[in-house]
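Have a look at the structure below before the remarks.
The values are calculated or read from the model by the stated rules, or taken from the named source; none is laboratory data. Everything numeric in this text was worked out from a predicted model, so none of it was measured. So basically every Cβ, Gly included, is an ideal-geometry build from the backbone, and we count neighbours across all protein chains shown. Quick note on the areas: whole protein, heavy atoms, side chains included, nothing else; ligands and nucleic acids left out. Shrake-Rupley method; radii C 1.70, N 1.55, O 1.52, S 1.80 Å.
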Amino acid sequence: MKSVCAYTKIRWMWVLCVLSVIPVIANADQQLKPIKEVKPPKGAIVLFNGKNTDAWEQLNTKGPCQWLISDGDLKVNVGTGNIITKRLFKDYHLHLEFMEPYMPNQTSQARGNSGVYNLGQYEIQVLDSYNNPTYKCGSCGSIYGFKEPDKNMSRPPLQWQSYDIFFHAPRLDDSGKVVKYPTVTVIWNGVKVHDNVEITCGPTTASMGGPILAEGPIMLQDHGCPVTYRNIWIVELKK
Ligand code: MG
């Protein structure tokens, strides 16, 4: 009889334990604090501050940027193509914030796809990877096709997220041959997901093409999804 009571007690303790965990899981999303909008530091080059797209042009036409400014944010104007900065960069800290659209009827690569291409050639993937499995090295935060982020820091769609990308361009010899690979560190929503990774694969898929560059633009991808960006600035790093 004593052992039956003990068994009942343990069973109830187990039930109470499970019940206490359920609200924590259910409220996990609500516990995410909004990211802080980080103001451009002194010396930063502002690439988008909500007012105009003067720093950008269309990749294909080299004409004025056709993406949309809506409520001070920059939204992919689907079908107009990728945009690039007019200015070229080499070694830098790029900060930007992005928000995934709500696309419940799409899956995998069709849900919230865009991308940030360093020098126009090396993509840090932008995708809705919140409960949206996809193939290896294709998820949000991936160095596309090369390395997954160390952790999936995705927030649900319609919430702002941030990338801080520390990029060092490849070094080339006089013939254009790579003598030092580009490297990248990525902080995603405040968490380091790539730590000084050498990108040894060359330009990633759907880059702007051409020879390997020693300096190049920042390119944002139109991949058919109305992803929104804001607060884009860059600090050039000294050697
Ligand atoms: Mg992409």
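Residues in the stretch 95-104 that are closer than 13 Å to Gln159 by Cα, within 15 Å of the ligand (Cβ to nearest atom) and open to solvent by less than 10 Å² (accessible area, probe 1.4 Å): how many?
Number of matching residues: 2.
Would you confirm whether any residue within the stretch 199-210 is open to solvent by 40 Å² or more (accessible area, probe 1.4 Å), on the phi < 0 side of the Ramachandran plot and not in a loop (DSSP other than H, G, I, E, B)? Break it down into steps so the answer makes sense when it comes.
Filtering the stretch 199-210 for residues open to solvent by 40 Å² or more (accessible area, probe 1.4 Å) gives 200-201, 203, 205-206, 208, 210.
Now narrow it down to the ones that are on the phi < 0 side of the Ramachandran plot: 200-201, 203, 205, 208.
With not in a loop (DSSP other than H, G, I, E, B) added as a condition, the list becomes none.
Among the residues of the stretch 199-210, not one is open to solvent by 40 Å² or more (accessible area, probe 1.4 Å), on the phi < 0 side of the Ramachandran plot and not in a loop (DSSP other than H, G, I, E, B), which makes the answer no.
I need every pair where a residue in the stretch 103-116 that is in the same structural domain as Tyr163 (by TED's automatic domain parsing) has its Cβ under 8 Å from the Cβ of a residue that is more than 11 Å from the ligand (Cβ to nearest atom) and assigned to a strand (DSSP E or B), sequence separation at least 6 or different chains.
Ser114/Phe98; Val116/Leu94; Val116/Leu96; Val116/Tyr163; Val116/Ile165
Name the residue, out of Asp91, Asp29, that is modelled with pLDDT of 95 or more and within 22 Å of the chain's Cα centre (by Cα).
Details: Asp29 fails: modelled with pLDDT of 95 or more.
After applying the criteria, what remains is Asp91.
Has the stretch 105-124 got any residue that is away from the ligand (no atom under 14 Å from the Cβ) and surrounded by fewer than 23 Cβ atoms within 10 Å (Cβ to Cβ)?
Scanning the stretch 105-124, I find at least one residue that is away from the ligand (no atom under 14 Å from the Cβ) and surrounded by fewer than 23 Cβ atoms within 10 Å (Cβ to Cβ), so the answer is yes.
Is it true that some residue in the stretch 59-71 is more than 21 Å from Met208 (Cβ to Cβ) and within 16 Å of the chain's Cα centre (by Cα)?
First, pick out the residues of the stretch 59-71 that are more than 21 Å from Met208 (Cβ to Cβ): 68-71.
Imposing the further condition that a residue be within 16 Å of the chain's Cα centre (by Cα) reduces the set to none.
Within the stretch 59-71, none of the residues are more than 21 Å from Met208 (Cβ to Cβ) and within 16 Å of the chain's Cα centre (by Cα).
Kindly evaluate Tyr135 against the criterion of being within 18 Å of Thr228 (Cα to Cα) and of a type in the set (Phe, Trp, Tyr).
For Tyr135, the condition - within 18 Å of Thr228 (Cα to Cα) and of a type in the set (Phe, Trp, Tyr) - is not met.
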